[in-house]
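Working notes for the structure below.
The values are calculated or read from the model by the stated rules, or taken from the named source; none is laboratory data. Quantities reported herein were computed from a predicted structural model and do not represent experimental measurements. Cβ: placed from backbone, ideal geometry, glycine included. Neighbour counts: every protein chain shown. Side chains included, ligands, DNA and RNA excluded: accessible areas come from the protein's heavy atoms. Shrake-Rupley method; radii C 1.70, N 1.55, O 1.52, S 1.80 Å.
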Amino acid sequence: MNAPDPLTQLRDVHLPDAVSAWPPAPGWWLLALFVVIGLIALIRSLWRHYQRRAYVREARLKLQALSLQPLSPQQQLQQANDILKRCAMTAYPKSSVASLSGESWLVFLDQHCKTPLFGDHARWLESWFRYDVSADLSRDFIQRAERWVQQQPRKNRHV
(Lines give C-alpha, C1' and ligand atoms only; values in the text may rest on other atoms or scores of the structure.)
Protein backbone atom coordinates (compact mmCIF):
# COMPACT_ATOMS: atom_id res chain seq x y z
CA MET A 1 0.00 0.00 0.00
CA ASN A 2 1.38 3.16 -1.01
CA ALA A 3 0.71 6.13 1.19
CA PRO A 4 -0.39 9.26 -0.63
CA ASP A 5 2.43 11.69 -1.27
CA PRO A 6 2.12 14.50 1.31
CA LEU A 7 3.71 17.00 -1.07
CA THR A 8 0.74 16.80 -3.38
CA GLN A 9 -1.49 18.11 -0.64
CA LEU A 10 0.48 21.39 -0.26
CA ARG A 11 -0.95 24.49 -1.79
CA ASP A 12 1.09 26.74 -4.04
CA VAL A 13 2.98 29.63 -2.41
CA HIS A 14 0.82 32.73 -2.31
CA LEU A 15 1.92 36.30 -1.65
CA PRO A 16 0.31 38.34 1.10
CA ASP A 17 -1.87 41.32 0.25
CA ALA A 18 0.04 44.53 -0.54
CA VAL A 19 0.70 46.73 2.44
CA SER A 20 -1.52 49.83 2.30
CA ALA A 21 0.02 53.25 2.82
CA TRP A 22 -3.26 54.54 4.12
CA PRO A 23 -3.91 55.39 6.89
CA PRO A 24 -0.41 56.50 7.84
CA ALA A 25 1.05 55.61 11.17
CA PRO A 26 0.53 58.13 14.02
CA GLY A 27 4.14 59.29 13.73
CA TRP A 28 3.54 60.50 10.18
CA TRP A 29 0.47 62.43 11.32
CA LEU A 30 2.55 64.17 14.00
CA LEU A 31 5.29 64.96 11.50
CA ALA A 32 2.74 66.45 9.09
CA LEU A 33 1.26 68.53 11.92
CA PHE A 34 4.68 69.89 12.89
CA VAL A 35 5.48 70.71 9.25
CA VAL A 36 2.19 72.60 8.83
CA ILE A 37 2.71 74.51 12.11
CA GLY A 38 6.29 75.34 11.06
CA LEU A 39 5.16 76.62 7.65
CA ILE A 40 2.45 78.77 9.24
CA ALA A 41 4.97 80.23 11.68
CA LEU A 42 7.46 80.92 8.87
CA ILE A 43 4.86 82.61 6.66
CA ARG A 44 3.62 84.69 9.59
CA SER A 45 7.16 85.76 10.47
CA LEU A 46 7.92 86.72 6.87
CA TRP A 47 4.67 88.68 6.63
CA ARG A 48 5.45 90.59 9.83
CA HIS A 49 8.92 91.41 8.56
CA TYR A 50 7.42 92.60 5.28
CA GLN A 51 4.87 94.77 7.11
CA ARG A 52 7.49 96.29 9.42
CA ARG A 53 9.48 97.46 6.40
CA ALA A 54 6.42 98.93 4.63
CA TYR A 55 7.25 102.45 5.78
CA VAL A 56 10.70 102.15 4.16
CA ARG A 57 9.25 101.05 0.83
CA GLU A 58 6.66 103.84 0.93
CA ALA A 59 9.24 106.52 1.76
CA ARG A 60 11.58 105.35 -1.00
CA LEU A 61 8.76 105.41 -3.54
CA LYS A 62 7.79 108.94 -2.51
CA LEU A 63 11.40 110.11 -2.71
CA GLN A 64 11.83 108.57 -6.15
CA ALA A 65 8.58 110.17 -7.33
CA LEU A 66 9.78 113.65 -6.37
CA SER A 67 11.89 113.94 -9.51
CA LEU A 68 8.83 113.19 -11.65
CA GLN A 69 6.72 115.95 -10.15
CA PRO A 70 6.73 119.47 -11.58
CA LEU A 71 8.32 121.04 -8.50
CA SER A 72 11.12 123.52 -8.11
CA PRO A 73 14.36 122.17 -6.62
CA GLN A 74 13.59 124.06 -3.39
CA GLN A 75 10.15 122.40 -3.17
CA GLN A 76 11.68 119.00 -3.87
CA LEU A 77 14.18 119.57 -1.08
CA GLN A 78 11.43 120.57 1.36
CA GLN A 79 9.25 117.60 0.45
CA ALA A 80 12.19 115.21 0.73
CA ASN A 81 12.85 116.57 4.21
CA ASP A 82 9.16 116.09 5.11
CA ILE A 83 9.30 112.48 3.90
CA LEU A 84 12.42 111.92 6.03
CA LYS A 85 10.65 113.36 9.06
CA ARG A 86 7.60 111.10 8.60
CA CYS A 87 9.85 108.10 8.10
CA ALA A 88 11.83 108.90 11.24
CA MET A 89 8.66 109.34 13.29
CA THR A 90 7.56 105.89 12.16
CA ALA A 91 10.86 104.20 12.99
CA TYR A 92 11.66 106.00 16.25
CA PRO A 93 9.60 107.34 19.16
CA LYS A 94 7.65 110.38 18.00
CA SER A 95 8.48 112.24 21.19
CA SER A 96 12.18 112.20 20.34
CA VAL A 97 11.78 113.09 16.63
CA ALA A 98 8.80 115.42 16.21
CA SER A 99 10.36 118.44 17.89
CA LEU A 100 13.70 118.24 16.01
CA SER A 101 14.55 120.89 13.47
CA GLY A 102 17.58 122.57 11.99
CA GLU A 103 20.93 121.29 13.09
CA SER A 104 19.53 118.97 15.77
CA TRP A 105 17.47 117.27 13.03
CA LEU A 106 20.56 116.77 10.86
CA VAL A 107 22.53 115.45 13.84
CA PHE A 108 19.70 112.98 14.51
CA LEU A 109 19.78 111.83 10.87
CA ASP A 110 23.55 111.32 11.00
CA GLN A 111 23.34 109.44 14.30
CA HIS A 112 20.78 107.02 12.94
CA CYS A 113 22.60 105.68 9.91
CA LYS A 114 25.75 103.65 9.37
CA THR A 115 27.77 106.47 7.85
CA PRO A 116 26.88 110.15 8.30
CA LEU A 117 25.10 111.34 5.19
CA PHE A 118 24.35 114.95 6.14
CA GLY A 119 27.68 115.92 7.65
CA ASP A 120 27.89 119.39 6.10
CA HIS A 121 25.10 120.83 8.27
CA ALA A 122 25.62 124.44 7.25
CA ARG A 123 25.19 123.53 3.58
CA TRP A 124 21.85 121.83 4.16
CA LEU A 125 20.54 124.41 6.62
CA GLU A 126 21.29 127.21 4.20
CA SER A 127 19.65 125.37 1.28
CA TRP A 128 16.38 124.87 3.19
CA PHE A 129 15.86 128.62 3.39
CA ARG A 130 17.01 129.65 -0.08
CA TYR A 131 14.74 130.11 -3.06
CA ASP A 132 17.45 129.57 -5.65
CA VAL A 133 18.43 126.01 -4.73
CA SER A 134 20.24 124.23 -7.56
CA ALA A 135 18.77 121.08 -9.05
CA ASP A 136 22.04 119.28 -8.29
CA LEU A 137 21.82 120.12 -4.60
CA SER A 138 18.21 118.99 -4.45
CA ARG A 139 19.02 115.75 -6.28
CA ASP A 140 21.96 115.14 -3.93
CA PHE A 141 19.75 115.60 -0.87
CA ILE A 142 17.11 113.23 -2.25
CA GLN A 143 19.76 110.57 -2.96
CA ARG A 144 21.12 110.93 0.56
CA ALA A 145 17.59 110.72 1.94
CA GLU A 146 16.99 107.50 -0.01
CA ARG A 147 20.18 105.98 1.42
CA TRP A 148 19.17 107.07 4.93
CA VAL A 149 15.72 105.53 4.56
CA GLN A 150 17.17 102.28 3.23
CA GLN A 151 19.38 101.93 6.31
CA GLN A 152 16.52 102.21 8.77
CA PRO A 153 15.53 99.26 10.93
CA ARG A 154 12.22 97.57 10.77
CA LYS A 155 9.56 99.31 12.78
CA ASN A 156 9.16 98.15 16.36
CA ARG A 157 5.66 97.17 17.26
CA HIS A 158 5.97 98.97 20.61
CA VAL A 159 6.70 102.38 19.12
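Let's test the formula: R0 of 35 Å, r as the Cβ-Cβ distance of residue 67 and residue 95. What FRET efficiency results, to the nearest 0.05? Computed FRET efficiency for residue 67 and residue 95: 0.60. Highest GNM mean-square fluctuation among 17, 82, 120, for the chain modelled with Cα contacts below 10 Å: 17. Just checking the listed ones, 13, 36, 97: in the Gaussian network model of the chain with Cα springs under 10 Å, the one fluctuating most is 13.
For the chain, hydrophobic long helices are taken as DSSP H runs at least 30 Å long by C-alpha position along their axis with mean Kyte-Doolittle hydropathy of 0.5 or more; these are 26-52.
Identify which of 149, 35, 19 has the largest mean-square fluctuation in a Gaussian network model of the chain, with springs joining Cα atoms closer than 10 Å. For the chain, modelled as a Gaussian network with Cα springs under 10 Å, the answer is 19. With every protein chain in place and a 1.4 angstrom probe, the accessible-area ranking of 92, 131, largest first, reads 131, 92.
When you restrict to C-alpha pairs under 8 Å that are six or more residues apart and normalise by the size of the range 11-127, the relative contact order lands at 14 percent. For the range 88-154, the relative contact order is 33 percent, taking Cα pairs closer than 8 Å that sit 6 or more residues apart in sequence and dividing their mean separation by the residue count.
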